[in-house]
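Asks: Please read through the structure below; I'll follow up with questions.
The values are calculated or read from the model by the stated rules, or taken from the named source; none is laboratory data. What you are looking at is a predicted structure, and each value in this text was computed from that prediction instead of being measured. Virtual Cβ from ideal backbone geometry, glycine too; neighbours counted across all protein chains shown. The accessibility values were calculated without ligands, DNA or RNA, using every heavy atom of the protein model including side chains. Shrake-Rupley method; radii C 1.70, N 1.55, O 1.52, S 1.80 Å.
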Amino acid sequence: MTAAPKKTGSLVAIITMFFLFGMISFVTNLAAPIGTIWKGHYEWAGMIGNFMNFLAYLFMGIPAGNMLVKIGYKKTALIALAVGAVGIAVQYLSGIVGGDVATFSVNGEPVMLNYLIYLLGAFICGFCVCMLNTVVNPMLNLLGGGGRKGNQLLQAGGSLNSLTGTLTPLFVGMLVGTVTASTTMASVSVLLYIAFAVFVASFLIISFVNIPEPQQNTGAKKKFSHSPWSFRHTVLGVIGIFFYVGIEVGIPGVLIFYLSSPELNLPNGVALAGGVAAVYWLLMLVGRLSSSAISGFVSSRVQLMVTSATAIVLVLLAIFISSDVRISMPSYSVEDGFSMVQMPIKALFLVLCGLCTSVMWGSIFNLAVEGLGKYTAQASGIFMMMVVGGGVMPWIQETIGRSIGWMASYWLVVAMLAYLFYYAVIGSKNVNKNIPVTD
């Protein structure tokens, strides 16, 4: 174990981790609004890109955790950024090649090669954000010293994550406008240019930043008597992460499909839906800023209990209140710019869930790694693997929505929130304190 970094070095490391947190959200939140473009070509394709993005976590989660131990935090981050640049480049290629080459068919409809290229790019970007997540979360928790201070740093970093999450669907909505059969990835090429440039710039900047390595490789592979799976609260937290990411992505993702559906017949529906979804991420920013201010005084357990219970109430209200009940909400369209538009009040309740989901990731992670000691890096890789829930659960929710109705699909969200409430009340308690966690 290396000596504790100096305060200046720690500050630089914290700022770097905050920046990487923003990159994670930027890449991840491209998937759902871009999915509306492909949904205009293939009715079933709305969440498949998002699914591919998160599917990568299943394959990369544990290897990413092992990378932290073997090559350190900085090298893992640099590899992640390089992979992200490649993923964005592949997505860009989907807008210029393969649009006239058929591959196979779904329900008798030919699927063009360009869509498969896009899915490959989304999958590659998933490897990137998985590695970045594996670096950022344990590093911020360690720099904060764990406990409430560790959670405070996680929430503060998550604030920048929410800011980029707010801007990304808004930018995509501005660029796309109304989706038609002729709308393609070329419509968002400017955004992909920016993303690629940011990845390259980030790689160069972090190359010169000193990132502390709390667990340096000693040359020999360490063998531990136990593993993160030996801790009940960690295992239950892994399940919690799986459900949480499904909740976070599913609520605004399916909301976009609902608001742009023919049954509502909203003018310029996709752009307006993207603008409303951006408010969800904006409220996540507000929630994380608030949490970062109070996390030094309010435990992660209490925050998770209150937010999961509140979110259950909000989603139930959205399910039961009629779509005919309307309210003015802020949104954006190319024609009208920023404006107040009439939306079903359901959208307001779902958007308000952003205040609740904002604190859940940091709270679950903080609770699940509490008391793990030398097993923290391994646990981080496992958590990243379970982020695949952000692809699986929204895809299941979309499937339910297309079958029996978009609002009915939110019962799945209610069930997942109920599990998080259970975890906060009972499952997060460490009942394995007899396991040694130091060398």
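Asks: Using heavy-atom solvent-accessible surface (probe 1.4 Å) with all chains present, what is the largest-first order of 123, 21? List each step's numbers first, then the result.
Replies: Numbers: 123 40, 21 10 Å².
Output order, biggest surface exposure first: 123, 21.
Asks: Determine the gain in length on full extension of the stretch residue 411-residue 186; use 0.36 nm per residue of separation and subtract their C-alpha separation, reporting nm with one decimal.
Replies: Net length gain for the segment: 77.4 nm.
Asks: For the pair residue 62 and residue 15, how long in nm is the line joining their label points, each one 7 Å along Cα→Cβ?
Replies: Reported label-point gap for residue 62 and residue 15 is 3.9 nm.
Asks: Follow-up question, since we're still on this one. Roughly how many Å² is the accessible area per residue of region 58-128, as a whole number, for a 1.4 Å probe?
Replies: 42
Asks: Ok, one more. How large is the accessible surface per residue of region 269-310, computed with a 1.4 Å probe and reported in Å² as a whole number? Write out the running numbers ahead of the final one.
Replies: On the way: 1340 Å² over 42 residues.
Here the residues of region 269-310 average 32 Å² of exposed surface.
Asks: Continuing with the same structure: Counting only protein heavy atoms and a 1.4 Å probe, tell me what percentage of region 22-113's accessible area is made up of carbon and sulfur. Let's see the in-between values first.
Replies: On the way: 2270 of 3310 Å².
Its accessible area is 69 percent carbon and sulfur atoms.
Asks: Calculate, for residue 310 and residue 96, the FRET efficiency according to 1/(1 + (r/R0)^6) with r their C-beta to C-beta distance and R0 51 Å; round to the nearest 0.05.
Replies: Approximately 0.65, to the nearest 0.05.
Asks: Give me, ordered by chain and number, the residues 5 or more places off residue 327 or on other chains with an amide H under 5 Å from its own placed amide H.
Replies: Amide H neighbours of residue 327, under 5 Å, 5+ apart: 343, 345.
Asks: Residues of region 383-409 with amide nitrogen under 12 Å from the 7 Å Cα-to-Cβ point of residue 43?
Replies: 402-403
Asks: Under the rule of at least 5 residues apart or a separate chain, name every residue whose amide H is placed under 5 Å from the amide H of residue 111.
Replies: Under 5 Å from the amide H of residue 111 lie the amide H atoms of 103, 104, 105, 106, each far enough along the sequence or on another chain.
Asks: Here is a further query. Carbon and sulfur: what percent of region 291-405's accessible surface (1.4 Å probe)? Walk me through the numbers on the way to the answer.
Replies: On the way: 2840 of 4060 Å².
Here carbon and sulfur together make up 70 percent of the probe-accessible area.
Asks: In nm, to one decimal, how far is the modelled label at residue 374 from the one at residue 422, with both set 7 Å along Cα→Cβ?
Replies: With each label point 7 Å from Cα toward Cβ, the separation is 3.4 nm.
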